[in-house]
Amino acid sequence: MTPEQLAAARDRTLTDIVGPQLRVLFCGINPGLMSAWTGHHFARPGNRFWPALHASGFTPRRFAPAEQQEVPALGFGITNVAGRATARADELTRDELIAGGKRLTVTVETSKPRWLAVLGVGAYRVAFDHRLARIGPQQRTIGDTRIWVLPSPSGLNAHWSPATLAEEFGRLRAAAYGPA
């Protein structure tokens, strides 16, 4: 992949990965350029989403981003708050995140997962106008769907180590699937 190919991926969108009777719908902030270029969620090699899924017990092995179509069979799906691909999430506007929260609400009302897991507390705070939200389960629901805010798995999020990220994903997995 060349810098030109990555630049051409800017503003592209990705298809949601959903299915019936999801236990968890994971929701990234927005696609990165590598994800938009490949067409696969969380495709940048430094992103810790796929390793955290495996380390926390959501997947029986570490999946590659190209295997994303297999995850609904495991009971979870993938979407984004904002659809537009950018190099960094901070390139999104407040209005884009708010509009994304409204779109996400419709997606959740339609697909009815047991849990919505938003990957990024800052994006959740803006998209759902919940300024005091913290990592973990939220009081707010969308219909019968509970909400859990997880740390962003981006490699740019140095506040969470791979081990602590997997631990927080594991707390959600236990809530959604029961103890391991």
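Listing for the model above:
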quantity	calculated
Amide proton proximity set for H40, modelled H, under 5 Å, gap of 5+	none
Estimated vicinal HN-Hα couplings, Hz - the range 168-174 in sequence order (Karplus 6.51, -1.76, 1.60; Gly, Pro = x)	5, 4, x, 4, 5, 4, 5
In Hz, Karplus ³J(HN,Hα) per residue of the range 51-61 (6.51, -1.76, 1.60; θ = phi - 60°; x = Gly, Pro)	x, 5, 4, 5, 5, 8, x, 5, 10, x, 8
Trypsin sites (Lys or Arg not before Pro) restricted to DSSP loop in the range 88-136 with at most 10 other C-beta within 10 Å	R131
Inter-site label distance for E167 and Q21 at 7 Å from Cα along Cβ, in nm	3.4 nm
Debye, to nearest 20: dipole size of the chain, +1 on Lys, Arg Cβ, -1 on Asp, Glu Cβ	380 debye
Cα point-scatterer Debye curve for the chain, base-10 log of I(q)/I(0) at q = 0.17, 0.19 Å⁻¹	-1.06, -1.38
Under-5 Å amide H pairs with L116, H placed in peptide plane, nonlocal only	L25, R146, I147, W148
Residues of the range 121-146 with amide N under 18 Å of the 7 Å Cα→Cβ point at R94	121-133
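Since every read-out is calculated from the coordinates, none of them should be taken as a lab result. Please read all numbers here as calculations on a predicted model, not as lab measurements. Don't worry about glycine lacking a Cβ; one is built from the backbone with ideal geometry, like all the others, and counts go over all protein chains shown.
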